[in-house]
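See below for the structure under consideration.
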């Protein structure tokens, strides 16, 4: 057990994993420990944040967000680029969509290609352009 703790403290990832495991196994002891060592724990967390690779962190956040959106809406597809107003207009005319309600219904069913807004009227309005 002592060797395991020493090895965990040398590697920050193993250290964090060991702490998580200990917190789950000893919730009462952890509360007391946290109250006594709050400043030191917060400093340690800040240091850990500094040592993290920003590219990995960004990729992790992006993957988490994509999984979250996928759970919320199974038809969700990440959009890389968006099309202009003319493309939206041609899509609506060509597919026979007449109302906003039909457009939203088609969008939610996943019938729209990538890069199409759910609400083009709001996206291409002048007030929206000012906000960008």
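The values are calculated or read from the model by the stated rules, or taken from the named source; none is laboratory data. Bear in mind the structure is a predicted one, so any value in this text is a computation, not a measurement. Positions of Cβ are generated from backbone atoms using ideal geometry, with glycine treated the same way; all protein chains shown enter the neighbour counts.
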- Message: Can you confirm whether residue 110 is surrounded by 11 or more Cβ atoms within 10 Å (Cβ to Cβ) and at pLDDT 85 or above?
- Response: yes
- Query: Among the residues of the range 102-117, which ones are under 15 Å from residue 87 (Cβ atoms) and in a loop (DSSP other than H, G, I, E, B)?
  - Reply: 112, 113, 114, 115, 116, 117
- Please give the number of the condition residue 23 fails out of (1) touching a helix residue (DSSP H, G or I) at 6+ places or on another chain (Cβ under 9 Å); (2) modelled with pLDDT of 85 or more; (3) surrounded by fewer than 12 Cβ atoms within 10 Å (Cβ to Cβ). (3)
